[in-house]
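A.B. asks: Got a structure for you, questions after.
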Amino acid sequence: MTAQPHDPALSLRAALQAARRDDPRHFRVSTRRLTDEEVGADFAAEFAGIPATSRSHSEDVVLYTDVNDGTMPVVLGLYGDADRVRGWLPGLPTVADRAAADALVAAARAPEFVRDQPACQAEVLVADGRVRGAVNGRGSGRLGADAVDLAALPVLRTTPRDAGRYLTMGMVCAHDPDRDGYAVSVHRMLVLDHNRLTLWTLPSRRLRELCAAAAGRGERLPVSINIGVPPAAMIASALNSRFLPAGVDKLDVAGALAGAPIALATAVSQPVTVLAESEIVLEGYLDGATADESVVGPPTTSLPEFLGYDGSARPDLPVVTVTAITTRRRPVYQATIGPGREQSVILGLAGALSLALSGGDDYRDLVRDAHFSAAGGGLLLLTMSVRKGSPRADQRLAPLARKVFADHPFVKLIVFTDEDIDISSAEDVLWAMTTRANLATDCLSFAGFPHMAMDPSQSLAWAAAKGTGGEIVRRVAIDATVPHRLRESVVRSFPVPVRAHR
């Protein structure tokens, strides 16, 4: 295939151009000279919104052009506005109901390999950050591990408390032989030295399963770490793959979101696939080696996490050994601060689709739309718009909530609303909670779910300090809907159509 570099769904730099052209007031260029330890703090202080700070607003796109030696610009905030991201993705449904999710999967388009030299292999970075020639994708320009130096990249350290410099927007891609496709996911990765990174992943992630399977065979798992990927691939990477039908993987759904296939290429130093339109690609492998998530001393703090609190560093994490670094010409390094709003947008847009895909026939007629709020990091706080077609629907919310909590273990709080509520508006949701719910009777609590360590209020220490005897009611649903038999008498004075997302 021939890449379509001007489509913002298929290229980060095309998305940057679209953001600058379509909304110049929210596209900033910072020419201040900053180090890689100052960029994150500057973005947090000037631009970040909830949950990173208490400011309730979308985030601007900020291009830092003079970081370290100024050879590689750094971009943050690209995904910090949900409407901006939706505008790039023609296949993204306007509502997250089952019919829309099914239509998206039906439109899946398998990725295609580029015929010509991929954009991401225009240059190879060597130890001192200089450029060594072009790479043709068939083996020339290969580098050994001793020629690779991650210091050539402006990898950020967001706060002085961080364990070190972290890749925060690197999409790991590995071949998934059992599913005849690709496992793609984004992880925090700590730079240990010139060619090694720790990789933190949840036990439920497919990448961990593939790594364990390779180790069981006594083999390495080749991986590519793609930085500055197509927006369609970034959103699709956050889908829960267990809700995708057989024969469809995340990159297929990315093609549906973009309305065109994602471009792939073969790596130059490993038998692995890369995303051809990436700005930067690290090639390497996982071989069972582990290291603590720390550069100096025992692991303590990792970095600011997606809920707005510092995360805990982990011991004995898998180590990626990097064997080559390839880039586009004049590459842009993409990063995010952990609790930046763009993290919530990525997780929330994908989470709503995963939610719709996980619902059965019962979900199809009851749920109109779903929205994950940035206040919950795009994972914990969910609002669901429901349509009640009969009095029996009043009793269907509790089993629906239990199913959602079971299928989506990060969800902590669900608010059910009627169709006349804009579930993307925090004020409108609070209005429904205030006037259509009595919290003493309309809160449904569900025990027996695991706690999430990154939420301090789910810890045993929190429960003990609150005097609950160590008991944690870990999941709650609020019924902020009008009882079916009162629906004709409880009506807004000035009803207006709830706006679609697009």
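A.B. asks: Ranked highest first by average number of other Cβ atoms within 10 Å, how do 21-33, 64-76 line up?
C.D. replies: In descending order of packing, they fall as 64-76, 21-33.
A.B. asks: Restricting to Cα atoms and excluding each atom paired with itself, what does the Kirkwood estimate give for region 108-333 in Å?
C.D. replies: Result for region 108-333 stands at 17.7 Å.
A.B. asks: Measuring from the lowest to the highest alpha carbon on each principal axis, how far does the chain reach, largest first, in angstroms?
C.D. replies: The Cα atoms of the chain stretch 73, 51, 50 Å along the principal axes, largest first.
A.B. asks: Now for a separate question. Given the peptides 344-351, 405-412, arrange them by the average over their residues of other C-beta atoms within 10 Å, most packed first.
C.D. replies: Highest-to-lowest ranking by the protection proxy: 344-351, 405-412.
A.B. asks: Between Arg392 and Ser457, what is the FRET efficiency for a Förster distance of 41 Å, r being their Cβ-Cβ separation, to the nearest 0.05?
C.D. replies: 0.75
A.B. asks: In nm, to one decimal, how far is the modelled label at Val490 from the one at Ala213, with both set 7 Å along Cα→Cβ?
C.D. replies: Going from the Val490 label point to the Ala213 one covers 5.0 nm.
A.B. asks: Counting pairs of alpha carbon atoms under 8 Å apart in space and at least six apart in sequence, what relative contact order in percent does the chain give?
C.D. replies: 17 percent
A.B. asks: Given a Förster distance of 30 Å, report the FRET efficiency between Asp193 and Glu46 from their Cβ-Cβ distance, rounded to the nearest 0.05.
C.D. replies: The formula returns an efficiency of 0.40 here.
A.B. asks: Report the residues of region 93-110 in range of a label on Arg364: point 7 Å along Cα→C-beta, backbone N strictly under 20 Å from it.
C.D. replies: 93-108
A.B. asks: Can I ask one more? So between Ser56 and Asp407, what do we pick up on full extension, going 0.36 nm a residue minus the alpha carbon distance?
C.D. replies: Net length gain for the segment: 123.4 nm.
A.B. asks: Another one. For the chain, list the DSSP H helices whose alpha carbon atoms reach 18 Å or more along the long axis and whose average Kyte-Doolittle value is 0.5 or above?
C.D. replies: Passing helices, by number: 341-358.
A.B. asks: In deg cm²/dmol, rounded to 500, what helix-only [θ] at 222 nm does the chain give when every DSSP H run of at least 4 residues adds -39500 (n - 2.57) and the total is split over its residues?
C.D. replies: Numbers: 13 runs with 118 residues, N = 502.
Value at 222 nm, helices only, nearest 500: -6500 deg cm²/dmol.
A.B. asks: Within 10 Å of each residue's Cβ, count the other Cβ atoms and sort Lys250, Lys403, Lys466 from fewest upward.
C.D. replies: Lys466, Lys403, Lys250
A.B. asks: Work out Dmax and Rg for region 343-486 from the C-alpha atoms and quote the Rg first, both in angstrom.
C.D. replies: 15.0, 44
A.B. asks: Another question, if that's okay. What ranking, highest mean first, results for peptides 368-374, 270-276 when packing means the other Cβ atoms within 10 Å averaged over each residue?
C.D. replies: On the way: 368-374: 24.4, 270-276: 22.6.
Packing order, densest peptide first, comes out as 368-374, 270-276.
A.B. asks: OK, next. At what distance in nm do the modelled label points of Asp178 and Val29 sit from each other, each positioned 7 Å from its Cα along Cα→Cβ?
C.D. replies: Between Asp178 and Val29, the simple spin-label model gives 4.9 nm.
A.B. asks: Per the Kirkwood formula on distinct C-alpha pairs, the Rh of region 389-438 is how many angstrom?
C.D. replies: 12.3 Å
A.B. asks: Please report the antiparallel percentage of DSSP beta bridges with both residues in the chain, rounded to the nearest 5.
C.D. replies: Here the antiparallel bridges make up roughly 75 percent for the chain.
A.B. asks: Still on this structure: So how far apart, in nm, are the two label points at Asp428 and Arg21 if each is 7 Å from Cα heading toward Cβ?
C.D. replies: 3.1 nm
A.B. asks: Karplus couplings for region 113-118 from phi (6.51 cos²θ - 1.76 cosθ + 1.60, θ = phi - 60°), rounded to Hz, Gly and Pro as x?
C.D. replies: 7, 6, 7, 9, 4, x
A.B. asks: Can you give the FRET efficiency to the nearest 0.05 for Thr468 and Ala440, using r as the Cβ-Cβ distance and R₀ = 22 Å?
C.D. replies: The formula returns an efficiency of 0.80 here.
Bear in mind that the values in this text are calculations on the coordinates, not laboratory data. Model, not experiment: these values are computed from the prediction. Positions of Cβ are generated from backbone atoms using ideal geometry, with glycine treated the same way; all protein chains shown enter the neighbour counts.
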